[in-house]
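Since the structure comes first, as structure tokens, the remarks are kept for the end.
The values are calculated or read from the model by the stated rules, or taken from the named source; none is laboratory data. Quick caveat, the model's predicted, so the values are computed rather than measured. Don't worry about glycine lacking a Cβ; one is built from the backbone with ideal geometry, like all the others, and counts go over all protein chains shown. In case anyone asks, the SASA skips ligands and DNA or RNA and just uses the protein heavy atoms, side chains included. Shrake-Rupley method; radii C 1.70, N 1.55, O 1.52, S 1.80 Å.
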Amino acid sequence: MHFKEVNKDRIPQHVAIIMDGNGRWAEQHGLDRIFGHKEGVEAVRSVVEGAGEIGIQYLTLYAFSTENWNRPKDEVDALMGLLVRAIVAETENLHKNNVSLRAIGDLASMPVEVQQNLEGAITRTAENTGLRLVLALSYSGRWEIVEAVKKMANELKNAKIDKSELNEELIGKYLPTFGLPDPELLIRTGGEYRVSNFLLWQIAYTELYFTQKLWPDYRKEDLFEAVNDFQTRERRFGKTSEQIRI
Ligand code: IPE
Ligand code: IPE
Ligand code: MG
């Protein structure tokens with residue numbers, strides 16, 4: 001699907017993507033898993049470009065989960081190296097395209113080299129006003145909820161907040177995603193029908209879109225297809241269809 005065919009009146013403000021299927025792509029091509037991850041960088045480039053073209057404001061990409069630390073050390077090391085190279089190679093391009101970068105997750109658990117390069121890229125692009133690109137790294141939904149609960153417990157103890165103030169909005173303020181609107185659309189590539197601990201709090205009412213396409217084969221045209229599908233959905237938020245249509 002071409003970007004000219006996308007209805008620009010109902011573009012989701014925030015799209016989140018579970019980029020899955022790199023390993024299977026590599027296997028299908030008779031290659032080592034890491035080549036699938038490498039090829040996945042091309043998909044990221046295309047999707048970031050496409051998101052900007054149709055006016056998506058926030059794009060969150062699940063790049064490495066808390067659970068992914070349990071993969072073989074070789075693969076984890078290769079992924080971290082790849083991440084550093086991708087950040088180094090792409091930062092100027094992102095900057096030129098007015099994209100600002102942000103990261104969510106347990107960044108302190110990442111290798112120092114990743115942390116430093118990431119910080120550099122975030123600082124470099126901080127003033128940009130176009131697409132906000134969020135990388136979820138060493139991230140999981142339960143991890144962030146635990147983080148928020150720990151902080152809140154501390155603030156309650158120090159009387160910085162009162163029990164009577166606890167509500168959804170306040171909890172949202174303690175999550176690392178604070179400031180991001182909830183995603184309207186969550187895309188998962190690679191054919192699995194699960195959320196794998198991604199943005200659990202934020203996807204309460206998100207539209208889900210699953211595709212068989214493996215991440216390294218994914219391109220902006222596929223994103224446009226998903227947005228087009230999203231536009232056919234009726235978001236009722238508990239109300240009746242009749243209430244929505246007036
Ligand atoms: C997604 O692809 C990338 C990461 C989780 C880092 P996978 O590596 O999970 O690919 P499959 O699911 O094994 O094909
Ligand atoms: C989810 O993919 C995590 C990322 C895409 C970063 P996985 O491949 O790790 O998910 P599961 O374990 O198969 O659910
Ligand atoms: Mg996978």
Fluctuation leader among H29, H37, H95 - the chain, Gaussian network, Cα springs under 10 angstrom: H29
Inter-centroid distance (Cα atoms) of region 45-101 relative to region 179-246, Å: 20
Difference of contour (0.36 nm per residue) and Cα-Cα distance, A89 to S241: 49.9 nm
Region 1-145, accessible area per residue, ligands and nucleic acids excluded (1.4 Å, Å²): 49
FRET E, pair D9, V76, Förster distance 41 Å, beta-carbon r, rounded to 0.05: 0.45
Exposed-loop-free span, longest in the chain, where trypsin sites (Lys or Arg not before Pro) count as exposed if DSSP calls them loop and at most 13 other C-beta atoms lie within 10 Å: 1-159
The chain: Rg to Rh, with Rh as the Kirkwood radius over Cα pairs: 0.98
Choice from I145, I11, I171 showing the highest fluctuation, given a GNM over the chain with Cα pairs closer than 10 Å: I171
GNM result for the chain, Cα springs below 10 Å: residue of L223, L135, L200 fluctuating most strongly: L200
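In debye, nearest 20, what is the charge dipole magnitude of the chain about its Cα centre with +1 on Lys and Arg Cβ and -1 on Asp and Glu Cβ, if you could check?
420
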222 nm mean residue ellipticity, helices alone, for the chain (DSSP H n ≥ 4; -39,500 (n - 2.57); rounded to 500): -14000 deg cm²/dmol
Contour minus Cα-Cα distance for K150 and E113 (0.36 nm per residue): 10.6 nm
Apportionment of accessible area to carbon and sulfur, the chain, percent (1.4 Å): 50
